[in-house]
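**Q** Just dropping this structure here.
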Amino acid sequence: MKLLITCFKWTAPVLSQELKIMWYKTFDNFPTWMYIEWGMEDICKINLESRIANKVYMELWSDRIENFDQLFDFVYGMDREKYIWKWHKIAVTTNIFKSKIDSQRSTQSIVNKAIIKKLVWDDKQRMSDPNKDEVNIFVQIIENKCSIFVNTSGESLHNRWYREDTWDAPLKENLSASLIRLCNRHFKAPLLDPMCGSGTICIEAAMIAKNIAPGLNRKFTFQNFVEFEKEKFEEMKNKLRWKIFEWDYKIVGNDIDDKMIRFARQNAVNAGVDDIVIFEKKDISETKKWDGYVVCNPPYGKRMDNENMELLYKNLIEIYENGASGCFISSREPADRMIWYDFKIKNLNNNGEDVKIYLKK
């Protein structure tokens, strides 16, 4: 059996590298997911430790199908009682490519019907419990080969549960971690986010520096599985806590908004990194040079008028020109015009806007 690990499109190389560092060999990699061989310990490990993944899916069964009758029989015959019970709410998502079955909606309906019939025989007998977590089933049909996966993570892994307060267009935690990994920043190197907002980039950098596993303070769907061993899981978490580093780091977040600085400081407390991250009210124009890395998600789109936006980017570019390494995200054409030195550009889709990552080595 195998695990399917999903990610944002541009982060796939970063996730693949992370998994290699964790001693996993990926195979059949796609732009938004990849596979590894699995055991329950691997499910626990990746959910706890991956900073880049979105969700981890466990394969329940795989076979070839060519019509909806075969699909129903296939799903109905699976052994799923270890992972789904009759009171669970069920959500089915699909991915179909070059197959005789080509209807997403019909596939979702048939899979849902087969699961419910196997569990309770009659849909009228089914009493879903609103207090139970939703079970997400992912159906993948590629060239008539059907694989059924169950989500082991629950909510997306970007949710580390430290971010209580945010403002407009916050960057997801795993995207922030991906930006930091993309820069190849050494964990001891100074890092600045001159427009830090609620502090996510700085907090993720601090968690990487201190080697704090991102999943230590959250719950996962796999904790409800029959094979789940609570004692071994707690032992695994305790070992991760012993691996947390203590060092003098220089990680700074600046913002001109008092409210965002308060948000960032509280989020840092929640994440357990308030001892090494400094958040200050400061305009980007006050910083001309930074000896280290600058990673940020500056305003773009409709969040600022053009005149102020031009000035903001000129200030940001000046910091890079004065020797800083790092990267930033932008959808602004002026960013293309202002950056005349060698940046690598990667496509990214974030919050519905087409943006790019500008990376300076």
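**Q** Are any residues in segment 26-53 open to solvent by 30 Å² or more (accessible area, probe 1.4 Å) and aliphatic (A, V, I, L, M), and if so, which ones?
**A** Once the filter is applied, which keeps residues that are open to solvent by 30 Å² or more (accessible area, probe 1.4 Å) and aliphatic (A, V, I, L, M), segment 26-53 yields only Met40.
**Q** When only residues in segment 206-230 that are part of a loop (DSSP other than H, G, I, E, B) and aliphatic (A, V, I, L, M) count, which is nearest to Asn315 (Cα to Cα)?
**A** Ile212
**Q** Can you name the number of the only condition in (1) of a type in the set (A, V, I, L, M); (2) crowded, with 16+ Cβ neighbours inside 10 Å; (3) under 25 Å from Ile116 (Cα atoms) that Met1 fails?
**A** It fails just one condition, (2).
**Q** Out of Asn112, Asn47, report the one residue that is touching a Gly at 6+ places or on another chain (Cβ under 6 Å), farther than 18 Å from Lys145 by Cβ and among the polar types (S, T, N, Q).
**A** Being touching a Gly at 6+ places or on another chain (Cβ under 6 Å), farther than 18 Å from Lys145 by Cβ and among the polar types (S, T, N, Q) holds for just one of Asn112, Asn47, which is Asn47.
**Q** I would also like to ask the following. Among Val294, Val273, which is the only one that is under 28 Å from Cys183 (Cβ atoms) and assigned to a loop (DSSP other than H, G, I, E, B)?
**A** Val273
**Q** Give the residue, chosen from Ser16, Ser109, Ser99, that is small (Gly, Ala, Ser), open to solvent by 50 Å² or more (accessible area, probe 1.4 Å) and not in a strand (DSSP E or B).
**A** None of the others qualify; the one that does is Ser109.
**Q** Output the residue which, of all residues in segment 182-205 that are assigned to a helix (DSSP H, G or I) and within 13 Å of Phe328 (Cα to Cα), is least open to solvent (accessible area, probe 1.4 Å).
**A** Across segment 182-205, the extreme among qualifying residues is Ile201.
**Q** List pairs: first residue in segment 226-238 and closer than 16 Å to Ala213 by Cβ, second residue polar (S, T, N, Q) anywhere in the structure, Cβ distance under 8 angstrom, at least six positions apart or on different chains.
**A** The qualifying pairs are Phe233/Gln223.
**Q** With the requirement that a residue be under 22 Å from Arg181 (Cβ atoms) and in contact (Cβ under 8 Å) with a residue 60 or more places away in the chain, what does segment 45-90 give you?
**A** Of everything in segment 45-90, those that are under 22 Å from Arg181 (Cβ atoms) and in contact (Cβ under 8 Å) with a residue 60 or more places away in the chain turn out to be Lys45, Asn47, Leu48, Glu49, Ser50, Arg51, Ile52, Ala53, Asn54, Lys55, Val56.
**Q** Ok, one more. Determine which member of the set Ser198, Ser178, Ser147, Ser156 is at pLDDT 85 or above and closer than 20 Å to Gln70 by Cα.
**A** It is Ser147.
**Q** Right, something else. For segment 303-319: of the residues being open to solvent by 60 Å² or more (accessible area, probe 1.4 Å) and among the polar types (S, T, N, Q), which is modelled with the highest pLDDT?
**A** So, considering only residues that are open to solvent by 60 Å² or more (accessible area, probe 1.4 Å) and among the polar types (S, T, N, Q), the one modelled with the highest pLDDT is Asn308.
**Q** Further question on the same structure: So Ile208 ticks every box in (1) of a type in the set (A, V, I, L, M, F, W, C); (2) buried (at least 16 other Cβ atoms within 10 Å of the Cβ); (3) under 20 Å from the mean Cα position of the chain (by Cα); (4) within 30 Å of Ala91 (Cβ to Cβ) but one. Which box is left unticked?
**A** Evaluating Ile208 over (1) of a type in the set (A, V, I, L, M, F, W, C); (2) buried (at least 16 other Cβ atoms within 10 Å of the Cβ); (3) under 20 Å from the mean Cα position of the chain (by Cα); (4) within 30 Å of Ala91 (Cβ to Cβ) leaves (4) as the failure.
The values are calculated or read from the model by the stated rules, or taken from the named source; none is laboratory data. Predicted model, so just to flag it, every value in this text is computed and none were measured. Counting neighbours? That spans all protein chains shown, and the Cβs are built from the backbone with ideal geometry, glycine included. Note: accessible area is taken over every heavy atom of the protein model, side chains too, but ligands, DNA and RNA are not part of it. Shrake-Rupley method; radii C 1.70, N 1.55, O 1.52, S 1.80 Å.
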